[in-house]
Amino acid sequence: MPRAVIITLLLGFLSSCVQWFPARAQELEPGIFEVNALGNSFSSLKSLKNKVAKKALALCEQQAIEAAAQTSGLQEPDAEHLSVRLIPKKVKIDKFESYTDEIYIDGRTQSASYFSYTQTIECVAAE
């Protein structure tokens, strides 16, 4: 098999791996998080938004569990002990950005692009 075909297949495989990473979050202030998802050039904005929404919901659920643990004194409270259900609320405008990086393989330069979707959320009580 020609070397160029192997390199192309390897690049395709490696670039598809970017879609497998889950969204990540950073707490900016107590209860306010910046949630970010990355995807390769084949990712859609919708799929990145879904990753961010899933992570934001998990963060707010964790915040509610921690609050219930403090008020009830239980180490790991269950759904019965959650006095408040927290949901994510967007506090800043979303950021959708695209990037292109140069990858050096076997003395050749290849361009690889990927997308980043970021949302800043606050966990608030559900109505």
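The values are calculated or read from the model by the stated rules, or taken from the named source; none is laboratory data. None of these values were measured; they are calculated from a predicted model. Heads up, the Cβs are rebuilt from the backbone with ideal geometry, glycines too, and the neighbour counts pull from every protein chain shown.
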Identity of the residue in the stretch 1-60, surrounded by 14 or more Cβ atoms within 10 Å (Cβ to Cβ), at pLDDT below 85 and of a type in the set (A, V, I, L, M), that ends up nearest to residue 116 (Cα to Cα): 18
Single condition residue 124 does not satisfy, out of (1) more than 30 Å from residue 2 (Cα to Cα); (2) at pLDDT 85 or above: (2)
Every pair of residues 6+ apart whose Cβ atoms lie under 7 Å, when the first sits in the stretch 49-68 and is of a type in the set (A, V, I, L, M) while the second is in a helix (DSSP H, G or I): 68/81
